[in-house]
Every structure is written in C-alpha cells, then in structure tokens.
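Encoded as structure tokens, the structure appears first; notes follow it.
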Amino acid sequence: MGTELHAGIDFEKVVVSPYPLRMRSGVARRERTGTLVESVCRAPSGRSREERVTFTARLALPLLFVSAVLAASGFSWWLAAAGSAVLVGLVWRRQVRAAQEAVFAVPRDEESRVLWSVPERAAFAGALDASGRVRRTWPALGDMIDPILADRSLTRALGELAEVLGRRQELRRVREELAGVRDADIPGDSPARMAADLQRERADEVWREAGAAANRILGGIDAAARAGESFIRERQVAATARHAERTLARVAGVPAAVESGPDLAGRTEAVIEAYRDLARE
C-alpha cells in the first residue's frame, strides 16, 4: 500500500485502502492523524422526509427572491435561477444522505482490503485503538522517537495487518468449505476425499501462519503503546516524588538529594526497543 492509509468501519465491514473511501450511503467525517486517515460514520440525522421538504422549501423561497432581484437589476435571470436550483439540489441531496445509515462503498481496486468476518473486523478495530494510544504518547516522548518515522512505521504495520487479516478471512472460508465435505458419504480411499484432506492440512498450516503474523503485528503495536504509556506514568510518578522531596526538605529543613526519583533509563530503552520492533514488522 501507499504511504497514506484510509480506514473506515461501519456496521457490516472494515475497509482499508490507500485511497480515500467512498460512501454507499450516509455521511462520514474524516479524521487525519499523520499518514492515517480514519473515516468515522456519522449517526443518521433522524429527519423525516417532511422535515427535509420543509427545510428545503424555506431555503428555496429566499433564493427565488434573490434571483428575482438580480433579474430586475439586469443580471441574467436564467443564470441566477440555475445557481439557485443547483444549491437547492445539493442541500436536498446532503439531507437525504445524512438521514441514511452510513455505509462505505466496497473498493474495486486490488490494493484495498475489505474485512467482513467478525473476528478479523474486531482484530483490526483493536489495532486502530492501539495505534491511537501509540500516537497519543508521542508528544510526551519528545526526542526519544522520530514522529515522522514512527508514523510511517505504524501506518505500514496497519496496512500489513489488513493484508494478513484479509488472507485469514479467505482462509476461514476455505476451511469452512473443506470442513463441510469432511463427513461426505464417500469411500475413505476416494481420490476426492484424499485431495480434500490434503488441502485441509495445507489450509490449516497457512491459517496458523497467518494467525502468527497477525499476532506479531498486533503485539508490536500494543507493545509500543504500553511502553510509551508506562514511561509517561513513571515519569509522572518521578516528578511527584521529586516535588514531595523538595517540599519535605523545605518543611523539615533537610536538603534534597541532587538526583532524586526513580531511574528511567531502563524504561527509555524499553520504549526505543518497542519502536524498533514495530519498524521491523
């Protein structure tokens, strides 16, 4: 996939693509974070047809008045009327889409991935949540990481995860089909049964490999999130400890130690190593 990744989740599927997502119905808003663009479905507006007609009529009346004024002033009446009609049509279309359930269109290009099965959808949704946790730690990590490189690594990991989950989804269907013919009433030495058994073994092996690859990517993203969050918490605790030590020193008259608070060098290395692992995924 390209450097930019678009992802969207509706009630029936997950769509991941290097290109902007299109809507089959409803409205979604785009939220960009670095090279990741999430399309978030908006809830239906709940407006009935009567309410939409009323709103459009209220908009059309002043537009007709403005068109008449422009025509009386020597402006081309048909141009003003056409502009008003286009505006009314756009508003009406927007209202209709806003009243519908938001559903993403299925991309037709080969680079996009569509996840329909529940386990794969849940896995990618969890990865998106974990990637958000990772990105929220970046401001506090400062110079420990390069945000540009980290963003690219994280987006690439999500793209690779979508590909692996797409393969696993197809393998799930194949395994279900092969499981359906396992109890077929045919002789045990039948060439068809032997071929099906062989393909079932191959499907199981590839299934396990795809699962291991997905878990490795998910684990890398989660490890980066936990390492950053743990470092931030420990730094906050260290700051609290230093503040308490200075306060106690002032109150009790005991000088504060020059180097106080827990040593975070080990945690710093853990954060850096987590991002190295993520980049290697």
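Report yes if V40 is within 30 Å of L165 (Cβ to Cβ), in a loop (DSSP other than H, G, I, E, B), of a type in the set (V, I, T) and not assigned by TED's automatic domain parsing to the domain that holds E170, otherwise no.
No: the conditions fail for V40.
Conditions (1) within 20 Å of E273 (Cβ to Cβ); (2) surrounded by 13 or more Cβ atoms within 10 Å (Cβ to Cβ), marked per residue:
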{"position": "P107", "(1), (2)": "no, yes"}
{"position": "S117", "(1), (2)": "no, yes"}
{"position": "E120", "(1), (2)": "no, yes"}
{"position": "A125", "(1), (2)": "no, yes"}
{"position": "V134", "(1), (2)": "yes, yes"}
{"position": "I148", "(1), (2)": "yes, no"}
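Taking L59, is it farther than 30 Å from R152 by Cβ and in contact with a Ser or Thr (Cβ under 7 Å, 6 or more places away or on another chain)?
no
Scan the range 77-105 residue by residue and report those that are in a helix (DSSP H, G or I), farther than 16 Å from R52 by Cα and of a type in the set (V, I, T).
V86
Report, by residue number, each residue of the range 43-77 that is loosely packed, with under 15 Cβ neighbours inside 10 Å and within 30 Å of E4 (Cβ to Cβ).
Residue satisfying the conditions is A43 alone.
Specify which of the listed residues (G166, G180, G159, G220) is outside the structural domain of K13 (by TED's automatic domain parsing) and either surrounded by fewer than 19 Cβ atoms within 10 Å (Cβ to Cβ) or of a type in the set (K, R) (or both).
Within the list G166, G180, G159, G220, the selection yields G180.
Consider only pairs whose beta carbons are under 9 Å apart and that are at least six residues apart or on different chains; among these, list those whose first residue lies in the range 72-99 and is touching a residue at least 12 places away in the same chain (Cβ under 8 Å) and whose second residue is surrounded by fewer than 12 Cβ atoms within 10 Å (Cβ to Cβ) and not in a helix (DSSP H, G or I).
A99/G46; A99/S48
Is at least one residue of the range 28-49 farther than 30 Å from R136 by Cα and aliphatic (A, V, I, L, M)?
No: zero hits.
Pairs please, first residue from the range 51-63 and within 10 Å of S84 (Cα to Cα), second anywhere and part of a helix (DSSP H, G or I), Cβ atoms under 7 Å, 6+ apart in sequence or on different chains.
L59/V88; L59/V91; A60/V88; L63/S84; L63/L87; L63/V88
Test of understanding: among R135, R121, R108, which residue is assigned to a loop (DSSP other than H, G, I, E, B), more than 30 Å from V66 (Cα to Cα) and at pLDDT 90 or above?
Of R135, R121, R108, the one residue that is assigned to a loop (DSSP other than H, G, I, E, B), more than 30 Å from V66 (Cα to Cα) and at pLDDT 90 or above is R108.
What about P44, is it under 23 Å from Q95 (Cα atoms), out of contact with any Gly (no Cβ under 9 Å at 6 or more places or on another chain) and not hydrophobic (A, V, I, L, M, F, W, C)?
no
Check the range 229-248 and report whether any residue there is assigned to a helix (DSSP H, G or I) and under 30 Å from L165 (Cα atoms).
Checked the range 229-248: at least one residue is assigned to a helix (DSSP H, G or I) and under 30 Å from L165 (Cα atoms).
So for the range 81-104 (the condition being more than 30 Å from L21 (Cβ to Cβ) and hydroxyl-bearing (S, T, Y)), does at least one residue qualify?
Yes; the residues of the range 81-104 include at least one that is more than 30 Å from L21 (Cβ to Cβ) and hydroxyl-bearing (S, T, Y).
Can we say R152 is at pLDDT below 95, under 13 Å from the mean Cα position of the chain (by Cα) and under 17 Å from T35 (Cβ atoms)?
No: the conditions fail for R152.
The values are calculated or read from the model by the stated rules, or taken from the named source; none is laboratory data. Quick caveat, the model's predicted, so the values are computed rather than measured. Positions of Cβ are backbone-derived with ideal geometry, glycine not excepted, and every protein chain shown enters the neighbour counts.
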